[in-house]
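Please treat every number below as a calculation from the coordinates, not as lab data. Note that the structure is a prediction, hence the values are computed from the model and not measured. In this analysis, Cβ positions are derived from the backbone assuming ideal geometry, glycine residues included, and neighbour counts consider all displayed protein chains.
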Amino acid sequence: QAEEAYRIMEDMSKDLQTASFNDDPKVDWSDFQNQFEEQEAEYHDALTWGVDIFDRKLTPAAQKGSLLKGDTTVLIAPTNIGKTTVCATIIRHNILRCKPILLLTHEGTTADIRTKVWCSVLRVTRQELLALYKTEEGREIMRKMLPFLMNYLDYVPLPRAGMTVERVVALVRRLQDERRAKSGGVGYSMLVDDYPACLTTDMAAKGNMATRNIHSYVYDQFVDLG
């Protein structure tokens, strides 16, 4: 085993000595016009938080949103304070703009999450929703919203113990590829994950990784995914 460890370290040392960074692109400062044109386009296509004052505070330069391509936004709050409801609000405002969204959840029942999304989309309370679907007029209102839910929101519940971020990332990449294939190259505009603190990593399988390190690794994986 000692010889094997020595061989591995020797190979790693050689790799470091021969590593080349020539393929990494350097920033071209002279290309400022294209840079700012792309930035203007990103601001124009910014997704919305769903609350105008948040959008204006987060990204003042954007016209109708604040969440830019590649952004990673973390919502932190105590248990049962309404994080999932906020996620549903964000989803509502963006699918009504015809922005495709992928929603993943790691806790709660599927029925409850679906109810929260319906309440958000229709802007009604849970009691009002339960009364709405019992009337033909109410069902017609719900049918009118179905195209937005069917075409712009894919929901995948993943409330499984021990779910790893590696499995989630692989799933997201596969679903993104599938959507692009079906939509002429247009993938999801936003991934909403509720909530990644439930996730672990394959590297912690032996129980030798601190919780804070697991959370940090999960966060890094979502940043990379973005």
At 25 °C and a viscosity of 0.890 mPa s, what translational diffusion coefficient does Stokes-Einstein give for segment 46-94, taking Rh as the Kirkwood radius over Cα pairs? Give it in µm²/s as a whole number. 216 µm²/s
Taking only Cα atoms of segment 178-221, the Rg to Rh ratio with Kirkwood Rh works out at 1.20
Here are some pairs, Lys57/Lys116; Lys83/Lys116; Lys99/Lys144; which of them have Cα atoms lying more than 21 Å apart in this structure? Lys57/Lys116
Answer in debye to the nearest 20: the dipole magnitude of segment 51-143 about its Cα centre, from +1 Lys/Arg and -1 Asp/Glu charges placed on Cβ, is 200 debye
Farthest toward positive dipole pole in the chain [+1 Lys/Arg, -1 Asp/Glu at C-beta], among Gln176, Met190, Met142: Met142
Net charge dipole size for the chain [Lys, Arg +1 and Asp, Glu -1 on Cβ; Debye, nearest 20]: 1340 debye
For the pair Arg174 and Ala61, what calculated FRET efficiency results from E = 1/(1 + (r/R0)^6), where r is the Cβ-Cβ distance and R0 = 30 Å, to the nearest 0.05? 0.30
Please state the relative contact order of the chain as a whole percent: Cα pairs under 8 Å, 6+ residues apart? 20 percent
With unit charges on the beta carbons (Lys and Arg positive, Asp and Glu negative) and the dipole taken about the Cα centre of the chain, which residue among Thr105, Met203, Cys119 sits farthest to the positive side? Cys119
Could you work out how far apart the two model spin labels at Ala111 and Leu130 are, taking each label as a point 7 Å from the Cα in the direction of the beta carbon, and quote it in nm? 1.1 nm
In nm, to one decimal, how far is the modelled label at Ile53 from the one at Met150, with both set 7 Å along Cα→Cβ? 3.8 nm
